[in-house]
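The values are calculated or read from the model by the stated rules, or taken from the named source; none is laboratory data. Bear in mind that the values here come from a model prediction, so they are computed numbers and not experimental data. FYI the Cβ positions are ideal-geometry reconstructions off the backbone, even for glycines, and counts take in every protein chain you see. The protein model used for the area step is the full one, side chains on, heavy atoms only, and it has no ligands, DNA or RNA in it. Shrake-Rupley method; radii C 1.70, N 1.55, O 1.52, S 1.80 Å.
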Amino acid sequence: MRGHEPRSSSSCAACKLLKRRCTPTCIFAPYFRSSDLITFAKVHKVFGASNVSKLLSEVPEEQRQETVNSLAYEAEVRLKDPVYGCIGAIASLQKKMLELQHDLAVARTRLLAHSGVNNHVSPLDDSPELTAFLDLVPYSDLMLLDGSSLDPYLYDLGQPPFV
Amino acid sequence: MNPTKRCAACKYLRRRCPKDCIFSPYFPPTDPDKFACVHRIYGAGNVSKMLQQIPVQARAEAVESLCFEAKCRVEDPVYGCVGIISLLQTQIQKTQSQIAQTQAEITIAQTQSSQFM
């Protein structure tokens, strides 16, 4: 009878928060262990448990952990910055990338000057994909994070498949 | 109530659109896909709660960023906009290496040219 069934001691974080029985086929259980209560709470607050469940059911099982990682990251950032969310981080990274591209162009021009005209290094070496991404978010200065606070917004590239 | 004056959110949710509808300034009926996308990822209830917690003057920006992230998530269900962040981080690291390499080459070129003087 509902409410009288003992909740499994191995309830996942989602079922604990949602106060329901965690079944062996629970879609959340592999990715939100009982110790991940805060992570699930953040994801639930931003996306809602049923939307997360739908998203997970739409991706292949082998990609669900990555999906949960990116959802958790987005939720965390959105709760820190309710107005801009991840867009703030993207805008700051775009600005940094533009500055670095400028620095690289300056450095290559100096190298050309030192090496002579026979050197085949071009001042700028844009990939079209990067150019497209740099135009993606028409950022305003309002979105930019303080220079020193960008680090917490950086996604952990040490996680697969980036390693 | 004239049904054609409903905002895109209330049209989608099949309800009347009150005068103080929290969605109507940001989801005009001329762009139904915008709300559909945001609703699919976040849900109307969550969007409403989020907007209520933001000052009115910042809500338009918040809606645009939510729409962007929702669109990214629809296009890439695994990484969403985090894919863009990862790409930018990787490119930043690559460009920093290229700058360091170029500066090293400048130093070598300067050393070589001073040796021949």
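Observations, loosely collected:
- Proximal charge balance of B:GLU64 [Cβ under 13 Å; K/R count +1, D/E count -1]: 0
- Residue order for A:VAL77, B:VAL56 - accessible surface, 1.4 angstrom probe, largest first: B:VAL56, A:VAL77
- Percent carbon-and-sulfur accessible area, chain B, ignoring ligands, DNA and RNA, probe 1.4 Å: 53 percent
- Think of a 1.4 Å ball rolled over the protein heavy atoms: chain B then has 55 Å² of accessible area per residue.
- Per-residue SASA remark: B:HIS39, around 50 Å² accessible (1.4 Å probe; ligands, DNA and RNA not included).
- Rounded to whole numbers, the Karplus 3J(HN,Hα) couplings from phi for the stretch A:36-42 are 9, 4, 5, 4, 5, 4, 5 Hz, using 6.51 cos²θ - 1.76 cosθ + 1.60 with θ = phi - 60°, and x at Gly and Pro.
- Backbone phi angles across the stretch B:89-103, fed through the Karplus curve with coefficients 6.51, -1.76 and 1.60 (θ = phi - 60°), yield HN-Hα couplings of 4, 5, 5, 5, 4, 5, 5, 4, 5, 5, 5, 4, 5, 5, 5 Hz in residue order; Gly and Pro are listed as x.
- Rounded to whole Hz, the Karplus (6.51, -1.76, 1.60) HN-Hα couplings of the stretch B:9-19, x for glycine and proline: 5, 5, 4, 5, 7, 6, 9, 6, 9, x, 4
- Among B:GLN96, B:CYS72, B:ASN46 - extreme Cα towards positive end, dipole of the stretch B:38-117, charges at beta-carbon: B:ASN46
- Between chain A and chain B, roughly 4100 Å² of accessible surface gets buried, counting both sides and using a 1.4 Å probe.
- The stretch B:78-117 shape via C-alpha gyration tensor axes, a/c threshold 1.5: prolate
- Cβ-defined net charge surrounding B:SER48, 14 Å radius [Lys, Arg +1; Asp, Glu -1]: +3
- Compared with its chain on its own, the stretch B:62-79 contains the following residues whose accessible area drops by 30 Å² or more in the full protein assembly (probe 1.4 Å; ligands, DNA and RNA excluded): B:SER65, B:PHE68, B:GLU69, B:ARG73, B:PRO77, B:VAL78, B:TYR79.
- Cβ-based net charge around B:GLN103, under 14 Å, with every Lys or Arg adding one and every Asp or Glu removing one: 0
- In chain B, the sites counted are trypsin sites (Lys or Arg not before Pro) in DSSP loop states with at most 14 other Cβ atoms within 10 Å, and the longest stretch holding none of them, exclusive of the sites, is B:20-117.
- Exposure check, 1.4 Å probe, all protein chains in place: A:MET97 carries approximately 0 Å² of accessible surface.
- Across peptide B:39-47, the mean count of Cβ atoms from other chains lying within 10 Å of each residue's own Cβ comes to 4.
- Debye equation applied to the C-alpha atoms of chain B, log10 I(q)/I(0) at 0.14, 0.16, 0.18, 0.22 Å⁻¹: -0.68, -0.81, -0.93, -1.17
- Pairs spanning more than 28 Å between alpha-carbon atoms, out of B:LYS11/B:LYS49; A:LYS45/A:LYS96; B:LYS19/B:LYS49; B:LYS49/B:LYS71; A:LYS19/B:LYS71; A:LYS16/B:LYS11: A:LYS45/A:LYS96; A:LYS19/B:LYS71; A:LYS16/B:LYS11.
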